[in-house]
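Colleague: Below is a structure I'd like to ask you about.
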Amino acid sequence: MKGFRYSLIVLICLAAVGLIAFFCLPLLNDYQNTGEIQIQGLKDKVLIQRDENGMAYVHAGNTDDAIMAQGFVTAQDRLFQMQVTRLFIQGRVCELAGPVARNLDIRMKTIGLYRMAQKQEQILDDNTRAFFQNYVNGINAFIDTCPEDIHAEFKLAGIQAEKWTVADSVGVLYYMGYSTAANLGTETTAQMLLETLGYEAASRLMPVNINADDPNDTGIFNMPQKEALSASLPAIPEALALAGDPLLRPLRAGSNNWAISPALSATGKAVLCGDPHLDPRILPGVWYPIGLITPEFRAVGVNIAGIPGMSVGRTGHIALSATNNYGDMQDLYIETPDPKNPDHYLEGETSIPFEQMTETLKIKDKAAANGFREETITIRSTRRGPVVSQSLEGYATDKLITLRFAPAESMEPAIGLMDVLTAKNSRELAAALKQVPMGCFNWVFADADGNIGFQASGKIPIRSNGDGTFPFPVKDSIDNWTGWIPADQMPSAMNPEKNWLATCNQKTIPHDFPYYYSSYFAPSYRYRRIAELMAEPGKKSIEDLWGYQRDIKNPMARNLSPVIAEILLKYEDTKSLGKILSDWDFTDDPQKAAPAVFQSVYRFFAMAAFEDDLGPEKAMTLLNNWYFWQEKMEGMILSGDSPLFDDVRTTDKTESMEDLFHLAALKASRFLEPLLGPDPETWQWGKVHTLELVNPIRRNGAGKALLGSGPMPAGGSGETLYRGWYDFDKPFGVTHCASLRMVADFSDNDKILAVLPGGVTGRTFHPHQKDQIKAFMSGEKKYWWFSDQAIDAHETARLTLMP
């Protein structure tokens with residue numbers, strides 16, 4: 001009885017603490033959203049209305065005031081998130097995390113994204129500079145005017161809110177460009193295969209990239225001549241690709257977007273759909289939603305916190321969304337140090353001095369006098385870029401590896417994103433998007449006149465050797481970058497006859513494209529699924545299009561699962577798994593067993609195919625780079641034969657594909673039974689395939705679930721439109737999925753269908769930090785409001801900014 005009484009008291013105390021947290025803590029991490037606030041720099045008063053989701057709608061009499069107010073409200077909601085992003089870009093995470101982030105900071109200072117941003121800031125034209133400066137002024141006005149409203153996360157993290165600069169905002173653009181330029185992972189993987197397997201065997205494992213719209217595209221990779229490659233280089237670590245920690249990789253992108261013309265639309269108007277696939281696991285998510293309303297434009301959409309304007313959304317004239325086009329803007333170079341002078345490197349026989357600069361690390365250290373210690377590092381660069389080999393832990397080689405990033409050399413005074421707000425039609429928008437050289441994106445758009453189109457952005461170098469898949473050995477002073485792919489020759493389309501278009505990170509260039517564009521694209525599964533849905537009879541309703549974003553049909557499984565099922569049904573010890581697959585409709589339903597069976601068997605089969613040739617560690621490096629091998633592997637399985645299927649470690653037997661699938665199924669059972677139970681018929685995909693959103697101040701340990709979402713059953717997979725991508729080496733937790741779902745219908749001038757995975761604000765315990773999770777997971781419709789009448793009808797708070 002005494003123990004019961006004690007337990008009861010503990011429960012009552014915990015309940016009381018919970019009630020206090022629920023009712024009181026939001027008040028301690030809130031901000032003023034009613035009344036008036038006077039800030040310097042405005043030309044006239046600005047009205048800010050908040051809706052039921054906490055989303056701000058800015059009404060200003062001119063563009064300058066609107067963008068300044070955008071900076072102000074973004075800081076209200078996301079200043080801590082912006083600070084963490086800035087620390088990462090500048091190589092200052094040690095100030096927050098201590099010595100554990102030292103190697104990361106060295107890497108980021110070496111890559112030099114912030115130095116690029118500072119250089120870009122210096123050449124901006126007056127209009128572009130003013131656009132960014134107005135935004136920055138708004139951020140700083142919040143810091144100066146509302147010190148009591150600064151996010152509680154700053155105190156909890158032990159850091160100060162810092163004033164923002166134009167270079168900080170431009171730095172976020174360069175971070176987006178670098179983190180989405182994924183071909184660097186292809187170079188590291190390709191070099192690893194070359195070094196481990198040799199030229200002939202490596203050439204058989206190069207990626208297959210197929211343009212599903214080009215019947216003449218075989219997707220076969222043209223291997224460079226053996227003499228042009230270096231096989232004497234140790235495998236390059238993947239660290240340069242910024243993989244790993246979700247706090248540091250939110251902008252590594254996939255995505256779907258599509259548009260339909262009035263002829264295919266049930267509403268009679270063009271419709272634009274977008275669901276960018278990013279890593280949304282850190283609350284409140286990647287995108288910041290806002291409405292900007294002036295006499296010049298009306299725009300409702302999202303941008304990355306720290307960047308002014310709108311990247312995804314609609315105006316009165318256009319709507320747009322972006323996917324990664326994977327244009328190759330990064331190259332690694334193999335340099336040779338001058339053996340006679342350690343401060344020089346060689347280009348052929350020519351000895352050239354390194355450019356050298358010093359950077360200072362500020363490392364959180366309780367033992368230091370002021371809580372921080374400093375460390376000076378030296379960064380060396382050749383004419384191609386910084387030496388990165390010495391900034392990678394555990395990488396020993398007498399060769400020097402440099403990194404070249406195209407946006408460092410392709411800067412222009414104007415950045416076209418600011419013109420998105422004022423574009424009057426699709427052609428004006430396409431012209432603006434060509435002026436985004438630092439980001440390789442496929443922009444799909446529609447306009448109020450019924451036009452639809454897409455335009456690829458990014459400035460991609462023309463390579464003299466016609467390839468950027470392998471690191472380039474520097475043998476002389478001749479530059480292998482000879483120019484830039486002309487903007488007018490970048491992939492694009494306008495008003496296709498089929499009345500729809502889409503991009504899903506797939507290959508969009510034709511087989512006879514005159515330049516090397518990339519050797520890294522998503523498999524065509526998602527795009528082919530969109531094509532199937534669009535080919536179904538009838539015009540497409542908004543309900544249809546909203547549902548397509550949650551479509552869980554797996555085209556890869558439809559091709560491969562029957563092959564696997566036929567094999568597994570032959571053996572008593574795998575017959576039950578074969579039966580589950582043979583009865584499957586190929587939907588990655590979280591309540592079904594078949595997706596768990598398929599994904600597990602497929603995963604163990606891939607491991608078995610590569611591990612004997614590469615070893616476990618290198619095989620996992622390859623397998624984590626899904627796009628590199630998936631369509632190649634599919635072709636091998638459908639053909640039924642490949643040298644990869646034989647285990648080279650067994651000298652008395654030649655293994656077949658059937659042997660590997662049988663073995664993979666047995667391993668899959670042993671893997672899944674402890675997680676899902678002994679009876680495969682009761683397994684559920686959603687019990688192992690989960691999405692978990694976490695708070696940036698409590699990402700692990702006790703309280704993680706309270707401050708986050710806890711694991712949530714997720715449908716889909718990496719191959720479905722309803723994306724649920726997981727890291728190969730960490731099955732099956734979702735790392736990338738829709739970071740936003742949006743459907744913009746030009747027949748509806750009151751609202752836009754849109755939902756975020758988390759919420760609007762980044763403030764812990766705030767009611768709008770994670771209030772959209774339920775709708776995001778269930779498919780419930782939520783809206784951004786577009787017309788004045790709709791905004792007024794859904795107003796929950798009103799704030800006036802006064803000059």
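The values are calculated or read from the model by the stated rules, or taken from the named source; none is laboratory data. Values in this document were obtained by computation on a predicted structure and should not be read as measured data. Glycine also receives a Cβ, built like all others from the backbone with ideal geometry; neighbour counts cover every protein chain displayed. Keep in mind that these areas ignore ligands, DNA and RNA; they rest on the heavy atoms of the full protein, side chains included. Shrake-Rupley method; radii C 1.70, N 1.55, O 1.52, S 1.80 Å.
Colleague: Mind running the shape call on segment 719-803? Use the C-alpha gyration tensor, a ≥ b ≥ c as the square roots of the eigenvalues: rounded below 1.5 for a/c, prolate if a/b tops b/c, oblate otherwise.
Modeller: Since a/c reaches 1.5 but b/c is at least a/b, the shape of segment 719-803 is classed as oblate.
Colleague: Less than 16 Å from a label point 7 Å out along the Cα-to-Cβ axis of Lys424: which backbone N atoms in segment 777-803 qualify, by residue?
Modeller: Within reach of a label on Lys424, which here means backbone N under 16 Å from a point 7 Å along Cα→Cβ, segment 777-803 contributes nothing.
Colleague: Using only the alpha carbons, work out the radius of gyration and Dmax of the chain in angstrom.
Modeller: For the chain, the Cα-based Rg and Dmax read 26.7, 89 Å.
Colleague: Between Glu780 and Glu52, what length in nm is gained on full extension when 0.36 nm per residue of separation is reduced by their alpha carbon distance? Could you put the intermediate results ahead of the total?
Modeller: Numbers: separation 728, 0.36 × 728 = 262.08 nm, distance 1.51 nm.
Extra length from Glu780 to Glu52 when fully extended: 260.6 nm.
Colleague: Counting helices only, and only those DSSP H runs with n ≥ 4, report the 222 nm mean residue ellipticity of the chain as the sum of -39,500 (n - 2.57) divided by its residues, in deg cm²/dmol to the nearest 500.
Modeller: That calculation yields -10500 deg cm²/dmol at 222 nm.
Colleague: Modelled label-to-label distance, Val100 and Thr800, 7 Å Cα→beta-carbon offset: nm?
Modeller: Taking the two extended label points, one gets 4.9 nm.
Colleague: Which lysines, on any chain, are close to Lys155 with Cα under 27 Å apart, when same-chain ones fewer than 8 places away are left out?
Modeller: Lys109, Lys163, Lys362, Lys364, Lys366, Lys704, Lys770
Colleague: Shifting gears a bit: Given a 1.4 Å probe and the protein chains all in place, what does the accessible area of Lys575 round to, in Å² to the nearest 10?
Modeller: 80 Å²
Colleague: Just tell me which lysines come within less than 18 Å, Cα to Cα, of Lys507; anything on the same chain fewer than 8 places away is out.
Modeller: Answer for Lys507, where 18 Å is the Cα cut-off: Lys459, Lys632, listed by chain and number.
Colleague: Next up: Assuming 0.36 nm per residue, please report the length gained on full extension of the stretch Glu536 to Asp365 beyond their Cα-Cα distance.
Modeller: So the extension gain works out to 55.4 nm.
Colleague: What FRET efficiency would be calculated for the residue pair Lys475, Arg649, taking the C-beta separation as r and a Förster radius of 41 Å, to the nearest 0.05?
Modeller: Efficiency, rounded to the nearest 0.05: 0.60.
Colleague: Based on the Kirkwood radius over alpha-carbon pairs, what is the Stokes-Einstein translational diffusion coefficient of segment 619-666 at 10 °C with 1.306 mPa s viscosity, in µm²/s?
Modeller: 134 µm²/s
Colleague: Tell me the trypsin sites (Lys or Arg not before Pro) within segment 482-537 that lie in a loop according to DSSP and have at most 14 other beta-carbon atoms within 10 Å.
Modeller: Loop-located and lightly packed - Lys498.
Colleague: Amide H neighbours of Ala414 under 5 Å, counting only residues 5+ apart in sequence or on other chains, H built in-plane at 1.01 Å?
Modeller: Asp125
Colleague: From the P(r) of segment 633-710, can you give the percent of Cα pairs sitting at distances over 18 Å?
Modeller: Working: 1943 of 3003 pairs.
Counting every Cα pair in segment 633-710, those more than 18 Å apart make up 65 percent.
Colleague: Now, a different point. What does the net charge come to around Lys43 if you take all other residues with beta carbon closer than 11 Å to its beta carbon, with K and R at +1 and D and E at -1?
Modeller: -2
Colleague: Something else: Residues with amide H under 5 Å of His344's amide H, sequence separation 5 or more or different chain, H placed in the peptide plane at 1.01 Å from N; which?
Modeller: Asp338, Phe354
Colleague: In whole percent, what relative contact order does the chain give with Cα contacts below 8 Å and a gap of six or more residues?
Modeller: Here the relative contact order equals 19 percent.
Colleague: Let me ask you something else. Would segment 671-769 count as rounded, prolate or oblate if I go by the C-alpha gyration tensor, calling it rounded below 1.5 in a/c and otherwise prolate when a/b exceeds b/c, oblate otherwise?
Modeller: Oblate shape, in that a/c is at least 1.5 and b/c is the bigger or equal ratio.
Colleague: Using θ = phi - 60° and the Karplus form 6.51 cos²θ - 1.76 cosθ + 1.60, what ³J(HN,Hα) does each residue of segment 646-661 get, whole Hz, x for Gly and Pro?
Modeller: 7, 7, 5, 7, 9, 8, 9, 8, 10, 6, 10, 4, 4, 4, 5, 5
Colleague: At Glu349 and Lys119, where each label point lies 7 Å from the Cα along Cα→Cβ, what is the point-to-point distance in nanometres?
Modeller: 3.1 nm
Colleague: Also: Of all accessible surface on segment 763-803 at a 1.4 Å probe, what whole percent is carbon and sulfur?
Modeller: Exposed carbon and sulfur together represent 54 percent of the surface.
Colleague: Rank by packing, highest mean first: peptides 782-788, 89-95, 366-372, with packing defined as the count of other Cβ atoms within 10 Å averaged across residues.
Modeller: Output ranking for 782-788, 89-95, 366-372: 89-95, 782-788, 366-372.
Colleague: How far, in nm, would the chain grow between Ala130 and Asp30 when pulled straight, counting 0.36 nm per residue and subtracting the alpha carbon separation? If you can, show how the numbers build up before the last one.
Modeller: Values: separation 100, 0.36 × 100 = 36.00 nm, distance 3.02 nm.
33.0 nm is the gain from fully extending Ala130 to Asp30.
Colleague: While we're looking at this one, here's another question. With the radius of gyration and the Kirkwood radius both derived from the Cα set of segment 755-803, what is their ratio Rg to Rh?
Modeller: Working: Rg = 13.3 Å, Rh = 12.7 Å.
Ratio of gyration radius to Kirkwood radius for segment 755-803: 1.05.
Colleague: Still on this structure, I have one more. So, by mean Cβ neighbours within 10 angstrom, what's the order for 608-617, 479-488 with the highest one leading?
Modeller: The peptides rank, most packed first, as 608-617, 479-488.
Colleague: A follow-up question, please. Quick one: Karplus J couplings for segment 729-734, per residue in order, coefficients 6.51, -1.76, 1.60, θ = phi - 60°, nearest Hz, x for Gly and Pro?
Modeller: For segment 729-734, the Karplus-derived couplings read 7, 9, x, 10, x, 5 Hz, x marking Gly and Pro.
Colleague: Could you list which residues have their amide H under 5 Å from that of Tyr726, counting only those 5 or more apart in sequence or on another chain, with H placed in the peptide plane?
Modeller: Gly718, Thr735
Colleague: Now for a separate question. Run through segment 146-207 and list the GluC sites (Glu not before Pro) located in a DSSP loop whose Cβ has at most 13 other Cβ atoms within 10 Å. Before the final figure, lay out each step's value.
Modeller: Values: sites: Glu148, Glu153, Glu162, Glu187, Glu195, Glu200; in loops: Glu162.
Filter output for segment 146-207: empty list.
Colleague: Let me ask something additional. Alpha carbon centre of segment 686-751 versus segment 114-178: separation in Å?
Modeller: After rounding, the separation between the Cα centres reads 28 Å.
Colleague: I need the calculated FRET efficiency for the pair Lys575 and Tyr515, taking r as the beta carbon distance and R₀ as 56 Å, to the nearest 0.05.
Modeller: Working from the Cβ atoms, E equals 0.60.
Colleague: Sequence neighbours fewer than 8 away in the same chain don't count; with that in mind, list the lysines whose C-alpha is under 24 Å from Lys570.
Modeller: Lys579, Lys592, Lys653, Lys667
Colleague: Thr482 versus Lys730, label points 7 Å from Cα toward the beta carbon: distance in nm?
Modeller: In this crude spin-label approximation the distance works out to 4.4 nm.
Colleague: For segment 338-387, which whole percent of the accessible surface, found with a 1.4 angstrom probe, sits on carbon and sulfur atoms?
Modeller: Roughly 47 percent, rounded to a whole number.
Colleague: Counting pairs of alpha carbon atoms under 8 Å apart in space and at least six apart in sequence, what relative contact order in percent does segment 591-648 give?
Modeller: About 40 percent, as a whole number.
Colleague: Let a ≥ b ≥ c be the square roots of the eigenvalues of the Cα gyration tensor of segment 58-198; is it rounded (a/c under 1.5), or, if not, prolate (a/b larger than b/c) or oblate?
Modeller: Oblate is the answer for segment 58-198, as a/c is 1.5 or above yet b/c matches or exceeds a/b.
Colleague: For segment 792-797, in order, what is each residue's ³J(HN,Hα) by Karplus, 6.51 cos²θ - 1.76 cosθ + 1.60 with θ = phi - 60°, in whole Hz (x at glycine and Pro)?
Modeller: Values per residue, Gly and Pro as x: 4, 5, 10, 5, 10, 7 Hz.
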